[in-house]
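Participant: Below is the structure I would like to discuss, written out as structure tokens.
The values are calculated or read from the model by the stated rules, or taken from the named source; none is laboratory data. Just so we're clear, the structure is a prediction, and the values are computed from it rather than from any experiment. Reconstructed Cβ throughout: ideal geometry from the backbone, glycine too, with neighbour counts over all protein chains shown.
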There are 2 protein chains.
Amino acid sequence: MTALPLPSVAETTPAEPSLDRAKHLVADDMAKVNALILDRLQSEVGMIPELARHLIAAGGKRIRPTLTLLSARLAGHAGDRHIGLATSVEFIHTATLLHDDVVDESDLRRGRSTANALWGNKAPVLVGDFLFSRAFQLMVQDGSLRVLELLSNASAVIAEGEVAQLMTAGEVGTTEAAYFEVIKAKTAALFRAACQIGAVVAEREAEAEQALEVYGEELGIAFQLVDDALDYSAREAMLGKTIGDDFREGKASLPVLLAYARGDADERAFWERVIGAPENQAPPDLAEAQRLLDKHRTLEATFARARASGERARTALRTFAPSPHRDAMEDVIDFSIARAF
Amino acid sequence: MTALPLPSVAETTPAEPSLDRAKHLVADDMAKVNALILDRLQSEVGMIPELARHLIAAGGKRIRPTLTLLSARLAGHAGDRHIGLATSVEFIHTATLLHDDVVDESDLRRGRSTANALWGNKAPVLVGDFLFSRAFQLMVQDGSLRVLELLSNASAVIAEGEVAQLMTAGEVGTTEAAYFEVIKAKTAALFRAACQIGAVVAEREAEAEQALEVYGEELGIAFQLVDDALDYSAREAMLGKTIGDDFREGKASLPVLLAYARGDADERAFWERVIGAPENQAPPDLAEAQRLLDKHRTLEATFARARASGERARTALRTFAPSPHRDAMEDVIDFSIARAF
């Protein structure tokens, strides 16, 4: 397998991008979010906290609630309404992860996630519903109909995006525009709402809300683009992470769509075979796919689109005066894109 | 198989129970609900309306939205806020059906529902999420935080009830109290909220809301008890419906729990085998189960508890002056219980 050339982010930031400043700024608030998460996971039905903790304790980067916390402070919120709403955002995200984890019979041979292997399909779906309900209970407690509107809209759009992705699976002829519609829905909608509600709790004018909306959406797009590129990236392999998950699922992600569009007849036949009928993939197919992505430089093209979205997110932040919170939100952009390296 | 003795409802109503009066009273409102359902199922993602319509058009009795419509009018609401909220209740119900439909690998040999056979596991889960989100969008549009509170609480409790049911599956030693906790959560919580929001939109005092709360909860309990009995009933078999679904899933429903509690050592061993390990059931086991339920008269005992809940629901309605709507809501009780005959 040829190592892929590493694109440069020198133009966006000189230092190694890091979430340290952001984490430091929200540390106290995030401690409250974590406490609230544990509190609201309580249930007399023992399997619920057990299963939810498995996923939430594993934790990841908590990037979505971090965005709510940073946005609220950037927009000038001095109270603590953003704590409950950041928790709500994390619950919605976790619910979508649990539901995304559901496998069809035909998927089983491609392996399962930990949650699915431990608990099957049914329990994670129901625990996802529980978390989704808890998210709405937290919003009701906050009392803002505008926040409820933003997050119920986002939830509907996420579900639509996930279904649309299911429908384009295997379709190597999916257009770039259709791909962008899917990632805007399944990923960027929650990033956008997570940021927007920061302006809502700060009771800011429409301009501030709109700036945070653009920031969240563009950041979400960049985030998903980088994720989709990393699934094929030598860098991920070096980090010991699994690569090729999207490939094995026949996901019509941008690196593939571009390679198909730029490929000759033989290459197109290859993509139609491996993405259109992933169940018939052979072990060397992933390496061949990576060779073609490399040949047509489609990971670089994907990263370039991520950088463009990142720049639009950065521009949106200029609505706000310079501040440590604004700097931290720029760091989130840089970090999201620099995961590529 | 011995035909089961048919319990009598002579004490509750002289005429053949029917939903005709209820249906007639809400006919205009239900037409608006149906139109709103179709409107809110629209999505650019074609699979969503297709799959959702499959389930919603099949329609069933629309008992939960009927309760919201009747309750709102009984409580004196003169506007049309109950239309959107009845739609919301139906969406939540449909989402829970779709999610309940998800099967684990181990369940597959027991057969699939139509939705699951046509679309697998993944799409129904996502469409359920879409409907759930649409339900909250409708509530937000209505604008009552109290309604949002009632239905987000109900949704959390339903999920808890479904998980609790999953955990008691196969446990023939489950107590009657634990069984009641499960059906209160998974079924009665939505009946209760569906009725309560009628009082909320009518802006009635706490007494009216509480009366509708008790009515809904007791009706929901009665409804589920009858459902659980019917799964073993000769009447269902006569109507050409499948019986024994709960049995094949190893569901610890009340008729089984009571038969286990009343059984001798051999009978207990039978129940432990067939409910504890339903995957090892043999074809004659269902008939033997029915024989034991008959011997210990546990279907009658289950119906008796349903009638007791029905009477508590009827008493709660006495808070309201006599009216066609009150009569119709009594009919719903009688009809729910009389499904047994």
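Participant: Filter region A:161-177 for residues that are within 17 Å of A:ARG248 (Cα to Cα) and either more than 13 Å from chain B (Cβ to nearest Cβ) or aromatic (Phe, Trp, Tyr) (or both) and give the result.
Facilitator: Residues satisfying the conditions are A:GLY170, A:GLU171, A:VAL172.
Participant: Taking the options A:GLU218, A:GLU181, A:GLU176, A:GLU249, name whichever one is surrounded by fewer than 24 Cβ atoms within 10 Å (Cβ to Cβ) and more than 29 Å from A:ALA282 (Cα to Cα).
Facilitator: Only one candidate passes the filter, namely A:GLU181.
Participant: Something else about it: Just the residues that are closer than 22 Å to A:GLY276 by Cα, of a type outside the set (Val, Ile, Thr) and more than 12 Å from chain B (Cβ to nearest Cβ), please, taken from region A:178-202.
Facilitator: Within region A:178-202, A:TYR179, A:PHE180 meet the criteria.
Participant: Restricting attention to region B:54-86, which residues are over 18 Å from the mean Cα position of the chain (by Cα) and in a loop (DSSP other than H, G, I, E, B)?
Facilitator: Selection gives B:ALA75, B:GLY76, B:HIS77, B:ALA78, B:GLY79, B:ASP80.
Participant: Which helices (runs of 4 or more DSSP H) does region A:280-341 wholly contain that include 1 or more residues that are aromatic (Phe, Trp, Tyr) and under 22 Å from A:VAL256 (Cα atoms)?
Facilitator: A:298-317
Participant: Let me ask another. Answer yes or no as to whether A:LEU166 is free of Cβ contacts under 8 Å to residues at least 24 places away in the same chain, of a type in the set (A, V, I, L, M, F, W, C) and in a helix (DSSP H, G or I).
Facilitator: Spelling it out, A:LEU166 is indeed free of Cβ contacts under 8 Å to residues at least 24 places away in the same chain, of a type in the set (A, V, I, L, M, F, W, C) and in a helix (DSSP H, G or I).
Yes/no per residue for (1) farther than 22 Å from B:VAL127 by Cα; (2) more than 7 Å from chain B (Cβ to nearest Cβ); (3) crowded, with 24+ Cβ neighbours inside 10 Å; (4) more than 18 Å from the chain's Cα centre (by Cα):
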{"position": "A:TRP119", "(1), (2), (3), (4)": "no, yes, no, yes"}
{"position": "A:ALA123", "(1), (2), (3), (4)": "no, no, no, yes"}
{"position": "A:LEU126", "(1), (2), (3), (4)": "no, no, yes, yes"}
{"position": "A:ASP129", "(1), (2), (3), (4)": "no, no, yes, yes"}
{"position": "A:SER133", "(1), (2), (3), (4)": "no, no, yes, yes"}
{"position": "A:PHE136", "(1), (2), (3), (4)": "no, no, yes, yes"}
{"position": "A:LEU145", "(1), (2), (3), (4)": "yes, no, no, yes"}
{"position": "A:ASN153", "(1), (2), (3), (4)": "no, no, no, no"}
{"position": "A:VAL157", "(1), (2), (3), (4)": "no, yes, no, no"}
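Participant: Would you point out the residue of region B:26-53, among those that are more than 14 Å from chain A (Cβ to nearest Cβ) and in contact (Cβ under 8 Å) with a residue 24 or more places away in the chain, that is nearest to B:LYS122 (Cα to Cα)?
Facilitator: Residue satisfying both the conditions and the ranking: B:ILE37.
Participant: Here is a further query. For region A:190-200, does any single residue satisfy the condition of being under 22 Å from A:ALA304 (Cα atoms) and either in contact with a Ser or Thr (Cβ under 9 Å, 6 or more places away or on another chain) or not small (Gly, Ala, Ser) (or both)?
Facilitator: The answer is yes, given that some residue of region A:190-200 is under 22 Å from A:ALA304 (Cα atoms) and either in contact with a Ser or Thr (Cβ under 9 Å, 6 or more places away or on another chain) or not small (Gly, Ala, Ser) (or both).
Participant: Name the pairs: first residue in region B:316-341 and on the phi < 0 side of the Ramachandran plot, second residue crowded, with 22+ Cβ neighbours inside 10 Å and outside any helix (DSSP H, G or I), Cβ to Cβ under 8 Å, at least 6 apart or on different chains?
Facilitator: Short answer, once both residue conditions are applied: B:PHE320/B:ALA75; B:ALA340/B:SER233.
For every residue, the table says whether it meets (1) modelled with pLDDT under 95; (2) out of contact with any Ser or Thr (no Cβ under 7 Å at 6 or more places or on another chain).
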position: A:VAL274; (1), (2): no, yes
position: A:ASN280; (1), (2): yes, yes
position: A:LEU292; (1), (2): no, yes
position: A:LYS295; (1), (2): no, yes
position: A:THR298; (1), (2): no, yes
position: A:ARG307; (1), (2): no, no
position: A:ALA321; (1), (2): no, yes
position: A:PRO324; (1), (2): no, yes
position: A:ILE333; (1), (2): no, yes
